[in-house]
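Readers should treat all values here as calculations from the given coordinates under stated rules, not as data from a laboratory. Computed from a predicted structure; not experimentally measured. So basically every Cβ, Gly included, is an ideal-geometry build from the backbone, and we count neighbours across all protein chains shown.
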Amino acid sequence: MNKDKMEGKMKDVAGRVQRQAGEWTGDTEQQLKGTGKEVEGKLQEGMGKLEDAGKKAVEDIKDRARQMEDKKQMEDKKQQPKTEDQQDIEKEGAA
């Protein structure tokens, strides 16, 4: 969990508490301030989730690129002409 997600969640909870306290006491100003904190918290938490998703997407792309590079290197090795030593070893194994 990243910093924005955690701080956003804490603001959301604090806003709910403030809003609820305002409802219980009939204090409209506290209700509005609490609702504002909730919204701010939800937005910050959403930004944290978006950041995590972006980082995951980048890592997935890097992993896929590495896999493709490894596969290409394997194919290139298969297509390289054999050295004289490799040909001699194959002849000895076949005999």
Subject >> Using θ = phi - 60° and Karplus 6.51 cos²θ - 1.76 cosθ + 1.60, couplings along segment 57-74 (whole Hz; Gly, Pro as x) >> reply: 4, 5, 5, 4, 5, 4, 4, 5, 5, 4, 4, 5, 5, 4, 5, 5, 4, 5
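Tell me the relative contact order for the chain as a rounded percent, counting alpha carbon contacts under 8 Å between residues six or more apart. Each step should come with its number before you reach the end.
Working: 75 pairs, mean separation 26.1, N = 95.
Reported as a whole number, the value is 28 percent.
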Original post:
Among 77, 42, 55, which one moves the most in a GNM of the chain with springs linking Cα atoms closer than 10 Å?
Top reply: 77
Subject >> GNM result for the chain, Cα springs below 10 Å: residue of 78, 11, 56 fluctuating most strongly >> reply: 78
Subject >> Exceeding the 22 Å Cα-Cα cut-off - candidates 56/78; 3/42; 9/62; 9/55; 55/77 >> reply: 56/78; 9/62; 55/77
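Compute the FRET efficiency between residue 9 and residue 60 as 1/(1 + (r/R0)^6), taking r as their Cβ-Cβ distance and R0 = 25 Å, and round to the nearest 0.05.
Values: r = 25 Å, r/R0 = 1.02.
My answer for the efficiency is 0.50.
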Subject >> Residue of 33, 72, 49 that the Gaussian network model of the chain assigns the largest fluctuation, springs spanning Cα pairs under 10 Å >> reply: 72
